[in-house]
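Asker: Once you've had a glance at the structure underneath, I'll fire off some questions.
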Amino acid sequence: MIHFAFPFLLFLLPLPYLVRRFSTGKEGELSKAVKVPFFYEVKAISSKMPRSFRFRRAFMMQAAWIFLLLAAARPQTPAGIQSYVAPVRDLILILDISGSMQQKDFISENGEALDRLSAVKAAADTFVRTRSGDRIGIILFAGQASMYVPLTVDYLTLREMLSSVQVGLLGGMTAIGDALGMAADYLNKSETAQKVVVLLTDGVNNAGSLMPPDALKKAVSENVRVYTIGVGKPSANPAESIDIVLLGKIAKETGGHFYSVDNPKGLEEAYQKISDAEPLSQTDVYLMPQKELYPYPLFVCLVLLSVNVLKGLSFGLWSKIKRNTGK
């Protein structure tokens, strides 16, 4: 069914009649209500045209006005029902790419030594492949934090970007507070009901401008649920060990969970448990887009105006030739 986006414009249909009605008096002279520029000149030219010719031109002008208003009112018709999946969860993966992530202390199932970052990338890739209905983004951090992939539902591109992550892009230290604070600020703009962060690191906070307790307050205030993963074996050197207390506190106070892993299988299990804790959920949204029909009446209007102008020019040219021939 055809309907109009701006139907009120159709009330302007009698406007030309009203202008004509109130612009001239009974004797064809100008009324005091409306002053029309060049009225007498137009009247003199028009008076030379045959009555039938003037009638046809007036009819075409009225028809052009009608079609112009029809186009301006924007006639539309439904173009069918379309549906799309509306994300109900925004999920940000925070990955540590400090220098310590190069350590090859992870052993694969076939006995091959893997560096921590390679194992993390493989597990994160599997995690992303199992998700649907989420918008997922990636924040990288070392000495500073950076939004690497904004929230997206384009998982293919996200996985390609994930595969190209390397150690050393952001320095060699560990700014956990900056990374978590950036995620909280970013999710503050989100309108989804569920906001989730998976924070993975193998060290302690030793860089950045935002302290972890302050970043934690931001996450709590924004209702961000944070899952933390500590990667690597415990070290005798506190500077190289995982801050289990901090990661556990972040997870507990935001409603998440802390996982400590030291092998690829444990890493995959941690991501799987997070996936189980955040079940797949999506909302189907149905839209009824409208097909615009205004080009058709607009085209008719332009044709009528063009024909009217050409008729006027042809009459003027014919009159001039006739006068010259008469001489």
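Since every read-out is calculated from the coordinates, none of them should be taken as a lab result. Because the structure is a prediction, the values reported are computed rather than measured. All Cβ positions, glycine included, derive from the backbone under ideal geometry; neighbour counts span all protein chains shown.
Asker: Just want the ordering: Phe6, Phe127, from fewest to most Cβ atoms lying within 10 Å of their own Cβ.
Answerer: Phe6, Phe127
Asker: May I pose another question? If you plug each phi of the stretch 290-295 into the Karplus form 6.51 cos²θ - 1.76 cosθ + 1.60 with θ = phi - 60°, what whole-Hz ³J(HN,Hα) values come out, in order, with x for Gly and Pro?
Answerer: Values per residue, Gly and Pro as x: 10, 8, 7, 10, 4, x Hz.
Asker: When the convex hull of the C-alpha atoms of the stretch 151-256 is computed, what volume per residue in Å³ does it have?
Answerer: Convex hull volume per residue, Cα atoms: 116 Å³.
Asker: So if each residue of separation counts as 0.36 nm, and I subtract the Cα-Cα distance between Ser132 and His3, what length gain in nm does that give?
Answerer: Details: separation 129, 0.36 × 129 = 46.44 nm, distance 3.75 nm.
Extra length available between Ser132 and His3 comes to 42.7 nm.
Asker: So what are the stretch 83-156's ellipsoid semi-axes, whole angstrom, largest first, if each one is the square root of 5 times an eigenvalue of the alpha-carbon gyration tensor?
Answerer: For the stretch 83-156, the semi-axes come out at 27, 17, 6 Å.
Asker: Show me the three semi-axes of the equivalent ellipsoid for the stretch 84-285, from the C-alpha gyration tensor (sqrt of 5 times each eigenvalue), largest first, rounded to whole Å.
Answerer: Here the semi-axes work out to 25, 20, 15 Å.
Asker: Considering only Cα-Cα distances, which of the following residue pairs are longer than 21 Å: Lys121/Lys252; Lys217/Lys249; Lys195/Lys217; Lys104/Lys265; Lys218/Lys265; Lys233/Lys265?
Answerer: Lys121/Lys252; Lys218/Lys265
Asker: Jot down the radius of gyration and Dmax of the stretch 122-212, Cα atoms only, both in angstrom.
Answerer: Considering the stretch 122-212 through its Cα atoms, Rg and Dmax are 13.3, 36 Å.
Asker: What nm value, rounded to one decimal, do you get for the distance between Leu15 and Asn223 when each label is placed 7 Å out toward the C-beta?
Answerer: Calculated label separation equals 4.9 nm.
Asker: Could you work out how far apart the two model spin labels at Gln102 and Ala277 are, taking each label as a point 7 Å from the Cα in the direction of the beta carbon, and quote it in nm?
Answerer: 3.2
Asker: Something else: Using each residue's phi in the stretch 155-160, evaluate 6.51 cos²θ - 1.76 cosθ + 1.60 at θ = phi - 60° and report the 3J(HN,Hα) Karplus result to the nearest Hz, with x for Gly and Pro.
Answerer: The phi angles translate into 5, 4, 5, 4, 5, 5 Hz.
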